[in-house]
1. What is the set of long-range amide H partners of residue 73 at a cut-off below 5 Å, with H atoms built 1.01 Å from backbone N?
2. Working from Cα positions, state the angle (0 to 90°, nearest 10) between the long axis of helix 20-29 and the longest principal axis of the chain.
3. Compare 172, 63, 52 by solvent-accessible area with a 1.4 Å probe and give them largest first, with all protein chains kept in place.
4. Taking only Cα atoms, what is the 0 to 90° angle, nearest 10, from helix 150-160's long axis to the longest principal axis of the chain?
5. Can you give me the accessible area per residue for the chain, using a 1.4 Å probe, in Å²?
6. Rank-order 148-156, 96-104 by packing density, defined as the average count of other C-beta atoms within 10 Å over each peptide's residues, highest first.
7. Can you give the direction-averaged projected area of the convex hull of the alpha-carbon atoms in region 149-193, in nm²?
8. By how many degrees, 0 to 90 and rounded to 10, does the Cα axis of helix 123-147 deviate from the longest principal axis of the chain?
Amino acid sequence: MNTVYLKLIKDISKYIPLSKEDIRTISESFSSITIPKNTMLEVENTSTKYLYFIIDGYVRVFYTKEGEERTTQINCPSGFITSFQSFITNSKAYDNVQTISECNLLRVTKDSLDKLNKNVKDWGIYGEKIYEQALIYNEDRTRDMILLTAEERYLKLMKTQPDIIQNVSLQYIASYIGIKPESLSRIRRQITF
């Protein structure tokens, strides 16, 4: 097995046992790709082709409204990212998926994912765990956007995902926490004093 698949196999193995045959089937279902920084992986108003598992690098999901980009996700905690509604329903995407650094990714089509569900024992259990993580992540994010101040959202991001603070541009972090870059600069100055 190619070592690029180890992170995915390790993640799956936390939830379900895998046979050698299962590992081979999973490795054959996902393709490994290296994508340059600022590459659009999926584009709004088109049908999403792939679900991505992030080996390394940073990916964001964003909407565009009135010419302004609004980032909704940066590297989901499960490691999987895409325009989920479009991917699951084969409908046109409302959002965009873009690399914000060079990325090593594994990607899988919906058909291949459906075959994994049939051919890998307990794959459904793993899928449920990923969906649970996504639901919790989205619920937490919605609550934070409603109840926390911009400074509190930034401080939480610093605590829970410091790698994003260190590796993602302020422009995208500001968009992710729902403020303008100049407001984030002001918050950062206040925090350091």
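1. Long-range HN contacts for residue 73: 61.
2. Tilt relative to the chain: about 60 degrees.
3. Details: 172 30, 63 95, 52 5 Å².
I get 63, 172, 52, largest accessible area first.
4. The two axes meet at around 40 degrees.
5. Numbers: 10870 Å² over 193 residues.
Computed with neighbouring chains in place, this is 56 Å² per residue.
6. Details: 148-156: 16.1, 96-104: 19.3.
So the order, starting with the most tightly packed, is 96-104, 148-156.
7. Details: hull surface 11.0 nm².
Projected area, direction-averaged: 2.8 nm².
8. Roughly 10 degrees, rounded to the nearest 10.
The values are calculated or read from the model by the stated rules, or taken from the named source; none is laboratory data. Quantities reported herein were computed from a predicted structural model and do not represent experimental measurements. Using ideal geometry, Cβ is built from the backbone for each residue, glycine included, and neighbour counts are taken over all protein chains shown. Protein only, heavy atoms only, side chains kept; ligands, DNA and RNA dropped before computing areas. Shrake-Rupley method; radii C 1.70, N 1.55, O 1.52, S 1.80 Å.
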